[in-house]
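S.K.: Can you read through this structure? Questions will come right after.
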């Protein structure tokens with residue numbers, strides 16, 4: 001088959017971007033040709049996957065996305081693809097990979113009248129309706145079953161159009177046999193003492209993932225001699241200012257986007273992910289198979305894995321800073337060997353690795369129909 005994959009922007013350290021590339025590689029491995037359409041590609045390219053960049057036009061993000069959609073339609077009309085697979089919401093998709101939550105729920109349940117009138121909101125609602133509306137034939141690769149009902153409530157989407165995907169965690173996140181050696185080497189490289197407790201915040205989108213909550217809890221962790229390592233490609237100015245105001249700027253280290261995340265996981269003692277919104281949360285599972293306890297919020301789609309495996313704490317809304325500090329203290333009362341053993345068991349007994357394979361299975365079945 002010849003497949004068009006559509007992703008507005010690719011950057012190396014984005015979760016959606018990594019998932020798109022994993023699915024594209026699985027499709028390519030099965031003998032299908034994949035062409036990726038995007039505006040930007042930041043990072044190394046896979047030589048086996050063709051990338052076509054569409055120039056950005058427009059002053060606002062909504063205008064640029066609207067122009068991209070129109071330009072894409074013209075390009076695809078001149079090409080011959082078996083299926084068009086979108087990783088953002090666009091008109092004309094055969095399959096949509098549903099990484100984002102329901103925008104209509106946000107616009108109509110969480111925001112006011114004027115928010116819905118903004119050009120950005122009108123554009124996003126139109127894109128979403130083109131995918132989920134009852135007149136659409138787009139099939140949906142869902143990563144969060146909980147989000148399905150919201151789409152059905154707002155768009156009367158047929159349940160038969162949804163296909164549930166398992167997590168797609170890379171096995172390189174699992175703790176290696178020499179994890180202690182990796183831990184010592186990476187901690188030395190990062191200038192971390194063995195007596196320090198290393199808290200990790202992983203992932204781009206600092207605000208959505210609750211980085212402000214993790215910085216705010218640091219004064220309550222003074223007795224732990226803790227340091228917070230922040231890994232992700234996002235603007236840090238506001239969070240640096242917050243840390244400065246709280247007197248903990250020396251305890252927060254922004255590492256930017258990194259390619260050595262597996263080693264950084266081994267250097268850490270705990271993952272902090274008190275997100276405000278998170279459709280899934282692959283990073284929770286990545287930390288767990290690496291042998292780290294996780295403290296997260298119950299808005300994360302994959303939070304139930306943490307609870308079921310007893311690999312940390314899941315915090316209920318409304319968020320409570322004292323409960324957050326208490327959960328961190330409790331998790332860190334156990335040593336690295338305790339969590340490593342639990343992580344190995346979870347990694348060996350949980351099926352959390354096959355999202356790309358299942359996604360391509362669905363794509364192939366859809367093409368055959």
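S.K.: Set the Förster distance to 25 Å, then compute FRET efficiency between residue 244 and residue 190 from the Cβ-Cβ distance, nearest 0.05.
M.R.: 0.75
S.K.: Also, quick follow-up: Taking 0.36 nm per residue of separation and subtracting the Cα-Cα distance, what length does fully extending residue 160 through residue 259 add?
M.R.: 31.8 nm
S.K.: Further question: Suppose each label sits 7 Å from its Cα in the direction of the beta carbon; what would the residue 361-residue 75 distance come out to in nanometres?
M.R.: Those two pseudo-labels are separated by 3.2 nm.
S.K.: Okay, next question. Translational diffusion coefficient of region 57-118 at 4 °C, 1.567 mPa s, Stokes-Einstein with Kirkwood Rh over Cα pairs, in µm²/s as a whole number.
M.R.: 94 µm²/s
S.K.: Helix 61-77 versus the longest principal axis of the chain: what angle, 0 to 90°, nearest 10, using Cα atoms?
M.R.: Helix 61-77 sits roughly 50 degrees off the main axis of the chain.
S.K.: Under a point spin-label approximation (7 Å from Cα along Cα-to-Cβ), what is the residue 126-residue 178 distance to one decimal in nm?
M.R.: Distance between label points: 5.7 nm.
S.K.: Taking neighbour Cβ counts within 10 Å as the exposure measure, how do 51, 145 sort from fewest upward?
M.R.: By the 10 Å Cβ count, ascending, the order reads 145, 51.
S.K.: Can I ask one more? Given the peptides 259-269, 151-161, 22-32, arrange them by the average over their residues of other C-beta atoms within 10 Å, most packed first.
M.R.: Most protected by this proxy first, the peptides run 259-269, 22-32, 151-161.
S.K.: Rounded to the nearest 500, what is the chain's calculated 222 nm mean residue ellipticity when only DSSP H runs of at least 4 contribute -39500 (n - 2.57) each, over all residues?
M.R.: Dividing the helical sum by the residues of the chain leaves -12500 deg cm²/dmol.
S.K.: On a 0 to 90° scale, report how tilted helix 15-29 is relative to the longest principal axis of the chain, with both axes built from alpha carbons and the result rounded to the nearest 10.
M.R.: Roughly 60 degrees, rounded to the nearest 10.
S.K.: Only Cα pairs within less than 10 Å get springs; with that Gaussian network setup on the chain, which residue of 69, 204, 60 has the largest fluctuation?
M.R.: Of 69, 204, 60, the most mobile in the Gaussian network model is 60.
S.K.: Let me understand region 137-255 better: what is its radius of gyration from the alpha carbons, and its Dmax, in angstrom?
M.R.: Calculated on Cα positions, Rg and Dmax stand at 20.0, 57 Å.
S.K.: Sticking with this structure for a sec: Dividing the alpha-carbon radius of gyration of region 80-159 by 2.2 N^0.38 Å (N being the number of residues), what value is obtained?
M.R.: Taking N as the residue count of region 80-159, the ratio is 1.08.
S.K.: Between residue 171 and residue 50, how high is the FRET efficiency from 1/(1 + (r/R0)^6) when r is the Cβ-Cβ distance and R₀ = 30 Å? Nearest 0.05.
M.R.: My answer for the efficiency is 0.65.
S.K.: Sort 164, 296, 237 by Cβ crowding within 10 Å, fewest neighbours at the top.
M.R.: By the 10 Å Cβ count, ascending: 237, 164, 296.
S.K.: Now a separate question. If you rank 1, 311 by fewest surrounding Cβ atoms within 10 Å, what's the result?
M.R.: Fewest-to-most ranking of 1, 311: 1, 311.
S.K.: Right, next: Once both axes come from the Cα atoms, what is the angle between helix 237-246 and the longest principal axis of the chain, in degrees from 0 to 90, rounded to 10?
M.R.: Value to nearest ten degrees: 30.
S.K.: Can you compute the radius of gyration and Dmax for region 126-179, using only the Cα atoms, both in Å?
M.R.: In Å, with Rg to one decimal and Dmax whole: 16.4, 55.
S.K.: Under the Kirkwood approximation applied to all pairs of distinct alpha-carbon atoms, what is the hydrodynamic radius of region 171-349 in Å?
M.R.: Taking every pair of different Cα atoms in region 171-349, averaging 1/r and inverting gives 16.0 Å.
S.K.: Let me ask something additional. Which value, in nm² and rounded to one decimal, describes the direction-averaged projected area of the C-alpha convex hull of region 1-54?
M.R.: Across all orientations, region 1-54 yields a mean hull projection of 3.2 nm².
S.K.: So, one more: Decide, for the chain, between rounded, prolate and oblate: order the square roots of the alpha carbon gyration tensor eigenvalues as a ≥ b ≥ c, take rounded if a/c falls under 1.5, and otherwise choose prolate if a/b is larger than b/c, else oblate.
M.R.: prolate
Rule-based calculations on the coordinates, nothing more; no lab input. Computed from a predicted structure; not experimentally measured. Cβ atoms come from the backbone with ideal geometry, glycine included; neighbour counts cover every protein chain shown.
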